[in-house]
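Please read the structure below before turning to the comments.
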Amino acid sequence: MSRLGIIAGGGSLPKKLIDACKRGQRDFFVLALQGQADKALTDGVPHRWVRLGATDESIAILKAEHVDEVVLAGSVRRPGLLEMKPDWRTLQVFARLGMSALGDDALLRAVAGELEKDGFRLIGAHEIEPQLITPAGLLTKKTPSPENDADLQSGIKVVKTLGQLDVGQAAIVQQGIVLGVEAVEGTDALLKRCAGLRRKGRGGVLVKGCKPQQDKRMDLPTVGLRTVRLAHEAGLEGIATEAGASLILDREAVTEAADRLGIFVTGFKAT
């Protein structure tokens, strides 16, 4: 069996993949991104730490560790160029991308291209742990009201438009009004910001969806326990995330938490 390289950013997804590899007795190596991955992530596992802009070093490490398949896992906060300290190969990638380097999807596609150019096979997190992928339909006891459904449909249109512009993957809609859209700050910050923007009355749905042009092996929209808690604290009534094109971490725990807090979680099919 091939050796898997887990390029680890922030959040709990890298740990989920490490656990899946251990359960399946799959050989793996972790390349942890400095300033991004949890410091405890690498305890007791084969690993090296590397800065985000060190493309040549990263590829050399993966080759030296006999890695042939690679998965990109976890959130990555985009640092400025001075903080990133990009090597020559990284600078060449930015030069080729030009202004499109400002978008996450374009940059991720370029990273994937560099890995594949050096002979690595890029795979998605859901190929390692299929239970992560969002199923279609309602996951909770609470069901969306007609008003929630209307907000959900509006949110899907907003998210898909955002995606075409390579801006973000999430939006919050209440009573037909877009309270906020996700950009570089991420979903957690979006939820915190929109907590103070809610209209009087009920409603409010967080919608997360895949960008139309997105490579589904990378950076799929992700929902976890923290998302559920922050959505509840923001006064929202539900979370809708794209079925087959997003991830739910700890699905059973997410469902139980949502049921306890009285919000719905559903997987929608984009048309």
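The values are calculated or read from the model by the stated rules, or taken from the named source; none is laboratory data. All of these numbers come straight from a predicted model, not from anything done at the bench. For neighbour counting, all protein chains shown are included, and Cβ atoms are generated from backbone atoms with ideal geometry for every residue, glycine included. SASA here: full protein model, heavy atoms, side chains in, ligands and nucleic acids out. Shrake-Rupley method; radii C 1.70, N 1.55, O 1.52, S 1.80 Å.
Just checking, how many residues over segment 118-157 are outside any helix (DSSP H, G or I), farther than 16 Å from E237 by Cα and not small (G, A, S)?
9
Filtering segment 39-68 down to residues that are in a strand (DSSP E or B) and not β-branched (V, I, T), which residue is most open to solvent (accessible area, probe 1.4 Å)?
R48
Being closer than 24 Å to L225 by Cβ and of a type in the set (D, E, K, R) is the filter; apply it to segment 128-168 and report the residue that is least open to solvent (accessible area, probe 1.4 Å).
Once the filter is applied, the top-ranked residue is D151.
Of all residues in segment 149-176, count the ones that are at negative phi and touching a helix residue (DSSP H, G or I) at 6+ places or on another chain (Cβ under 9 Å).
Taking segment 149-176 first, the residues at negative phi are 149-165, 167-174.
Among the residues that remain, those that are also touching a helix residue (DSSP H, G or I) at 6+ places or on another chain (Cβ under 9 Å) are: 163, 167-174.
The total comes to 9.
Among the numbered criteria (1) within 24 Å of A125 (Cα to Cα); (2) touching a Leu at 6+ places or on another chain (Cβ under 7 Å), which single criterion is violated by V167?
Only one criterion is unmet by V167, namely (2).
Return the total of residues in segment 1-37 being outside any strand (DSSP E or B) and either open to solvent by less than 50 Å² (accessible area, probe 1.4 Å) or more than 13 Å from R77 (Cα to Cα) (or both). Steps first, answer last, please.
Filtering segment 1-37 for residues outside any strand (DSSP E or B) gives 1-3, 9, 11-27, 34-37.
With either open to solvent by less than 50 Å² (accessible area, probe 1.4 Å) or more than 13 Å from R77 (Cα to Cα) (or both) added as a condition, the list becomes 1-3, 9, 12-27, 36-37.
The total comes to 22.
What are the residues in segment 209-231 that are within 13 Å of L162 (Cα to Cα) and either over 10 Å from the mean Cα position of the chain (by Cα) or of a type in the set (G, A, S) (or both), if any?
G209, K211, P212, Q213, Q214, listed by residue number.
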